[in-house]
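This report concerns only the one structure given below.
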């Protein structure tokens, strides 16, 4: 299952680089995607990624950390599906409307670092 770790880490690096370099365009893209896609369908993405991360953890140098990322993905998928007190909508509104460009770039930097780390941990 190393292929999934390669795919995910390259995706994280690419998305992070886009967030850093094209901040407003990426934010507008996220905003349009999140407004068009059904929330319950969208929750399947982090949930499925979480399951695949847990399965592919053995292909990593730090399987406990990859499993932790998988558990976080499962929790996020469940959170988005259940949406307690409309919190998901508030978080999406906060991210698309309130976060400054510096905050967006910080998220991009963290995403690039995380993707690079996972890429270097693949056995």
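None of the figures in this text is laboratory data; all of them are computed from the coordinates on show. Just so it is clear, the model here is predicted, and its values are computed rather than measured. Don't worry about glycine lacking a Cβ; one is built from the backbone with ideal geometry, like all the others, and counts go over all protein chains shown.
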Quiz item: Summing -39500 (n - 2.57) over the DSSP H runs of n ≥ 4 in the chain and dividing by its residue number, what mean residue ellipticity at 222 nm do you reach, to the nearest 500 deg cm²/dmol?
Solution: -26000 deg cm²/dmol
Practice problem: Measure nothing fancy, just the Cα-based angle from helix 63-82's long axis to the longest principal axis of the chain, in degrees from 0 to 90, nearest 10. | Solution: 30 degrees
Practice problem: Evaluate E = 1/(1 + (r/R0)^6) for residue 17 and residue 85, where r is the Cβ-Cβ distance and R0 equals 41 Å; express this FRET efficiency to the nearest 0.05. | Solution: 0.75
Quiz prompt | Residue order, fewest to most beta carbons within 10 Å, for 95, 88 | solution = 95, 88
Quiz item: Which angle between 0 and 90 degrees, to the nearest 10, do you get for helix 2-21 versus the longest principal axis of the chain when only C-alpha atoms count?
Solution: 30 degrees
Quiz item: Label-point separation (nm) for residue 117 and residue 30, each offset 7 Å from Cα along Cα-to-Cβ?
Solution: 1.9 nm
Quiz item: What is the fewest-to-most order of 82, 118 by other Cβ atoms lying within 10 Å of their Cβ?
Solution: 82, 118
Quiz prompt | Exposure proxy ranking, count of Cβ atoms within 10 Å, fewest first, for 68, 74 | solution = 68, 74
Practice problem: Take every Cα pair under 8 Å in segment 2-121 that's 6+ residues apart, average their separations, divide by the length, and report that relative contact order as a whole percent. | Solution: 48 percent
Quiz item: Is any residue of segment 1-23 close enough, with backbone N under 12 Å, to a label point placed 7 angstrom from the Cα of residue 99 along the Cα-Cβ axis, and if so, which?
Solution: 16, 19-20, 23
Practice problem: Compute the acute angle (0 to 90°) between the alpha-carbon long axis of helix 23-36 and the principal axis of greatest extent of the alpha-carbon atoms of the chain; round to the nearest 10°. | Solution: 80 degrees
